[in-house]
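Below: one structure, written as structure tokens.
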Amino acid sequence: MGMQEIKRKFVVPGDRITEGSFRPSMNVIKVGNSIIATRIGIAEAGRDGIKVIPLSGVYIPRVNDIVIGKITDHSSLSWEVDINSCFSGHLPAQDVFGRDFSPARDDMGRQLAIGDLITARIIVFDRTRDPMLTIQDKDLGKIPRGEFLKISATRVPRLIGKRGSMIQTIEQATQTRVLIGQNGIVVVTGRNPEGIKLAVRAIRMVEEEAHTSNLTQRVKVLLNVPDTPQQTEGASVTQTEKGQKVEEIQSTIQEVEEEIEEEVQKGEKL
Amino acid sequence: MTQTRNLIDENGRRTDGRTADELREIKLTVGVVKNADGSAFIEFGKNKIVAAVYGPREVHPKHMALPDRCVLRCRYHMSPFSTDTRKNPAPSRREIEISKVMREALEPALMLEDYPRAAIDVFVEVLQADGGSRCAGITAASIALADAGINMRDIVASCAAGKVDEKIVLDINDTEDKEGGADMPVAYMPHLEQVTLLQLDGILSYEQFDECIDKAIKGCEIVYEIQRQALMQKYFGNETELKEEQ
């Protein structure tokens, strides 16, 4: 089918994107023979059908999303985590202590206290129960320090940029490390308070002007970065390492996302 | 309903100078309440109404939550200063009714089954009232819902029609509502071509009823264009076509 024939375009709920035998993907419904948008956003044809990239909305958890959450409470068997959504996350104690966890022997408060920030991955979620989290993976777990900010979850892809370009620009120019959760929670760490402040301003700018074109240019102006990035000898090693890392994470996120979408498709068909 | 004076003059003009098929001036702004997930402000003639949407969010009290879909809660409220004699801020019988019909007018457009065990709260606050505030409220609330990024089958547009001096006219104002013959608020989903609200206060013949509902739906279509433009303006500015970034 001529999927590529469909032009990317702006849509509001109710708009007919196209007609014909196309597969509906994210944020669209099929009514008769037409594909209808259900969100404000940009309609496009993906590998798995017609979808709308939303420009507004709160975070709804999805399996395999990396999220940043705050421990709000714990029972004797699990922690409750605020993941900036209408569903609160559950982190089972077994995930941290191992399978031989005993509520009598192990003190949960020693590992994660109320108020702690964690990076976690959603392992199970189907909307009928609250999402279950894990912190047993590379780069997951407690976040010891940093500047906490919330952005709209729909702005996260823009903040990361194509292959991590946007976030790399910000990190390099401000000498900070920026942790981004898919749920719109961002934690900025770094040695220099001025750098953190500038990074926060840049992130806010990306959030507010996410839908405009030439945003990367304006962020560079804000951060005083020349158009063609010239790396200084000393910093280059660590920066490229970081860049590669971000790229790695990016590509895995993308792969995982595509997988999820396929799963969701299958699920919907059943 | 006894008519004390002519509401349509010899030139076919109404009390505020409009023709029979003319709407009042509508201004719609999206995203006016920073704290809300979605919001809109509408000026519909002399009506001034703010609509704010929160959610999907956790349901409190928890026992109200539904296992298979989201609960939609609506509150229509008139400010004490919205009318010329002070309005008691406690919810009146009329406001409770309008909250209910508003919820039922918006529900068919929303895909509530996408957010089980959650709640969506819609607040509609009338700052200045001038007849037809339930229609203006639905119009604004529907845009606020779209702004909040809630999955919707269609946008709900709303407009009233009615009978004045035995003539069917579009968009009844306060005077015409009080002194005229009939008032029919209609909410309509323009793409799905479905009516989600139909009320009638007054007496119409079969022919008048048909004419009235047709006129109201035409009005809704005009309102829809304004809604669409307001949403586009907020999210895409003046660009109507998508430009690709390198």
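The values are calculated or read from the model by the stated rules, or taken from the named source; none is laboratory data. Just so it is clear, the structure is predicted and the values come from calculations on it, not from any experiment. With ideal geometry, Cβ positions are generated from the backbone for all residues, glycine too; neighbour counts draw on all protein chains shown.
The residues listed here are B:E166, B:E193; of these, the one that is modelled with pLDDT under 95 and either under 22 Å from B:I138 (Cα atoms) or surrounded by fewer than 16 Cβ atoms within 10 Å (Cβ to Cβ) (or both) is B:E166. Among the residues of region A:16-23, not a single one is assigned to a loop (DSSP other than H, G, I, E, B), closer than 20 Å to B:A109 by Cα and among the hydroxyl-bearing types (S, T, Y).
The set of residues in region A:47-106 that are surrounded by 20 or more Cβ atoms within 10 Å (Cβ to Cβ), assigned to a strand (DSSP E or B) and touching a Phe, Trp or Tyr at 6+ places or on another chain (Cβ under 7 Å) comprises A:I50, A:I71, A:S85, A:L91.
If you go through region A:34-43, how many residues are surrounded by 18 or more Cβ atoms within 10 Å (Cβ to Cβ) and assigned to a strand (DSSP E or B)? Counting residues in region A:34-43 that are surrounded by 18 or more Cβ atoms within 10 Å (Cβ to Cβ) and assigned to a strand (DSSP E or B) gives 6.
Matching residues to (1) of a type in the set (A, V, I, L, M); (2) in contact with a Ser or Thr (Cβ under 9 Å, 6 or more places away or on another chain); (3) closer than 16 Å to B:R73 by Cβ:
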{"position": "B:P116", "(1), (2), (3)": "no, yes, yes"}
{"position": "B:L127", "(1), (2), (3)": "yes, yes, no"}
{"position": "B:A144", "(1), (2), (3)": "yes, yes, yes"}
{"position": "B:V156", "(1), (2), (3)": "yes, yes, no"}
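Scanning region A:171-195 for residues that are more than 25 Å from A:D65 (Cβ to Cβ) and assigned to a helix (DSSP H, G or I) returns A:Q172, A:A173, A:T174, A:P193, A:E194, A:G195. Exactly one of these conditions fails for A:N33: (1) more than 9 Å from chain B (Cβ to nearest Cβ); (2) modelled with pLDDT under 95; (3) touching a helix residue (DSSP H, G or I) at 6+ places or on another chain (Cβ under 8 Å). Give me its number. Among (1) more than 9 Å from chain B (Cβ to nearest Cβ); (2) modelled with pLDDT under 95; (3) touching a helix residue (DSSP H, G or I) at 6+ places or on another chain (Cβ under 8 Å), the lone unmet condition for A:N33 is (3).
From the list B:P91, B:P108, B:P61, the lone residue that is farther than 19 Å from A:G57 by Cα and at pLDDT below 95 is B:P61. Just to verify a result, which residue in region A:92-141, among those that are of a type in the set (S, T, N, Q) and free of Cβ contacts under 8 Å to residues at least 40 places away in the same chain, is nearest to B:P116 (Cα to Cα)? Only one residue fits best here, namely A:T128. Scanning region B:120-147 for residues that are within 14 Å of another protein chain (Cβ to nearest Cβ), aliphatic (A, V, I, L, M) and either assigned to a helix (DSSP H, G or I) or surrounded by fewer than 24 Cβ atoms within 10 Å (Cβ to Cβ) (or both) gives B:A141, B:I143, B:A144, B:L145, B:A146.
If I filter region A:122-140 for residues that are within 22 Å of A:V63 (Cα to Cα), touching a helix residue (DSSP H, G or I) at 6+ places or on another chain (Cβ under 6 Å) and crowded, with 20+ Cβ neighbours inside 10 Å, do I get at least one hit? No, region A:122-140 has no match at all. Among the residues of region A:141-170, the one identified as under 17 Å from A:N183 (Cβ atoms), among the small types (G, A, S) and assigned to a helix (DSSP H, G or I) is A:A153. Among the residues of region A:16-30, the one identified as at the interface with another protein chain (Cβ under 9 Å from one of its Cβ atoms) and crowded, with 18+ Cβ neighbours inside 10 Å is A:N27. Selection of region A:107-121 for residues being surrounded by fewer than 18 Cβ atoms within 10 Å (Cβ to Cβ) and of a type in the set (A, V, I, L, M) yields A:A113, A:I114.
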